[in-house]
Amino acid sequence: MSATLLRRLAAARAAAPNYPEVGATRGARLPAGYAHLRRRIHLGHGPEVLERAGRYVLGWGCQLGTGFAVHPYAPAEEGATVLLRLTLPRLRRPRLVIPCRVVWTVDEPDRIGFAYGTLPGHPECGEEAFLVSMDADGEVWFEVTAFARLAAWYARLGRPVSVLCQYLAIEGYLVAVAAAVADGSADPAAPAAGGRTADGRA
C-alpha cells in the first residue's frame, strides 16, 4: 500500500459525507435536488438464491465484478470508509480513487444489502444502495437505488459523459450480480470471484 493511498484513506476517514441526506436510500422517497435512478433485475427463486446473492453484494461483488478495487477490503459494514479504485486498461496505476462510506447495511431473512455515500473527493455527491430481496412469492430481486448530483468540476464539465458513466456503472452492477448467481461464483466464501483484489490485481 502506497503512502499516497494511506494519506487519502486517512483523509477520507476523517471527513463527513458531502451531502446532508445520509441514509435516504433506506426509504421509498428519494430527496429532491438530485438525479434519481432505480434499476432492478430478477435473480431467481428461493432463500438459497437470496443468501448467495446477498453475500456477494455485501462482499462488494458489484464493484469488484465491474473492474473496481476496494481498499481496504472487507465485507460491507456500517461506518466503514473505503477507497474505490478504478484501473484503466493498459495503465499500471489507478486513475480514479473514489472515497465512500457505508451508511447502512441490512441482513434479514428477506433482505440483504448496503448503501454507501460519497465523501469529499468523489466526483459526485449522493448515495447508492445495493439490495437483494425476496418477495412473498419467493422471487429474488437485486435492485440498485441511487440519488446523486455532480460535484467535481471535471464531472460537471463533462456532464453528458459523467451521467452516461453512472448509468453504465449501475447496469454493470446488475449484470455482475446476475452473472455471478447464474454461474455459481456468488459464493459467500468467495465474494470477490471474478473481480479484482483489494490491491487492484486481476
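State all residues of region 39-69 that are in a helix (DSSP H, G or I) and of a type in the set (A, V, I, L, M, F, W, C); if no residue qualifies, say none. Before you say what the answer is, go through the steps one by one.
Within region 39-69, the first condition is being in a helix (DSSP H, G or I), and the residues that meet it are 47-58, 61-64.
Of everything in region 39-69, those that are in a helix (DSSP H, G or I) and of a type in the set (A, V, I, L, M, F, W, C) turn out to be VAL49, LEU50, ALA53, VAL57, LEU58, CYS62, LEU64.
Quick check on region 1-55: of everything there that is out of contact with any strand residue (DSSP E or B) (no Cβ under 8 Å at 6 or more places or on another chain) and closer than 17 Å to ILE112 by Cα, which residue is modelled with the lowest pLDDT?
My answer is ALA28.
Answer yes or no: is there a residue in region 42-50 that is within 21 Å of PHE147 (Cα to Cα) and free of Cβ contacts under 8 Å to residues at least 60 places away in the same chain.
Keep residues of region 42-50 that are within 21 Å of PHE147 (Cα to Cα), which gives none.
Within region 42-50, none of the residues are within 21 Å of PHE147 (Cα to Cα) and free of Cβ contacts under 8 Å to residues at least 60 places away in the same chain.
Just checking, does region 30-40 include any residue being touching a His at 6+ places or on another chain (Cβ under 9 Å), farther than 30 Å from VAL181 by Cα and either free of Cβ contacts under 8 Å to residues at least 60 places away in the same chain or open to solvent by less than 60 Å² (accessible area, probe 1.4 Å) (or both)? Before you say what the answer is, go through the steps one by one.
We begin by selecting, within region 30-40, every residue touching a His at 6+ places or on another chain (Cβ under 9 Å); these are 30.
Now drop any that are not farther than 30 Å from VAL181 by Cα, which leaves none.
No - not one qualifying residue is present in region 30-40.
Can you tell me which residue in region 81-102 is most open to solvent (accessible area, probe 1.4 Å), limited to those that are at pLDDT 90 or above and not hydrophobic (A, V, I, L, M, F, W, C)?
ARG101
When region 120-153 is examined, which residues are found to be in a loop (DSSP other than H, G, I, E, B), modelled with pLDDT of 95 or more and either acidic (Asp, Glu) or open to solvent by less than 30 Å² (accessible area, probe 1.4 Å) (or both)? Write out each step before concluding.
Taking region 120-153 first, the residues in a loop (DSSP other than H, G, I, E, B) are 120-123, 135-138, 151-152.
Narrowing further to those that are modelled with pLDDT of 95 or more: 135-138.
ASP135, ASP137, GLY138, listed by residue number.
Which one of ALA80, ALA24, ALA76 is without any contact (Cβ under 8 Å) to a residue 60 or more places away in the chain and farther than 19 Å from ALA176 by Cβ? Even if it seems obvious, please write down each step before you answer.
Values: ALA24 fails: without any contact (Cβ under 8 Å) to a residue 60 or more places away in the chain; ALA76 fails: farther than 19 Å from ALA176 by Cβ.
Testing whether each residue is without any contact (Cβ under 8 Å) to a residue 60 or more places away in the chain and farther than 19 Å from ALA176 by Cβ leaves just ALA80.
Write out, first by first residue and then by second, each pair whose Cβ atoms fall under 9 Å of each other, whose residues are 6+ apart or on separate chains, and whose first residue, in region 8-20, is assigned to a helix (DSSP H, G or I) while the second is surrounded by fewer than 16 Cβ atoms within 10 Å (Cβ to Cβ).
Within 9 Å, the pairs are LEU9/MET1; LEU9/PRO72; ALA11/PRO120; ALA12/PRO120.
In region 165-176, is there at least one residue being modelled with pLDDT under 65 and either surrounded by fewer than 18 Cβ atoms within 10 Å (Cβ to Cβ) or in contact with a Leu (Cβ under 7 Å, 6 or more places away or on another chain) (or both)?
yes
Being open to solvent by less than 60 Å² (accessible area, probe 1.4 Å), closer than 26 Å to PRO31 by Cβ and at pLDDT below 95: is that true of SER162 here?
Yes, satisfied.
The values are calculated or read from the model by the stated rules, or taken from the named source; none is laboratory data. In this text, all values refer to a predicted model and were calculated from it rather than measured experimentally. Backbone-built Cβ (ideal geometry, glycine too); neighbour counts: all protein chains shown. Keep in mind that these areas ignore ligands, DNA and RNA; they rest on the heavy atoms of the full protein, side chains included. Shrake-Rupley method; radii C 1.70, N 1.55, O 1.52, S 1.80 Å.
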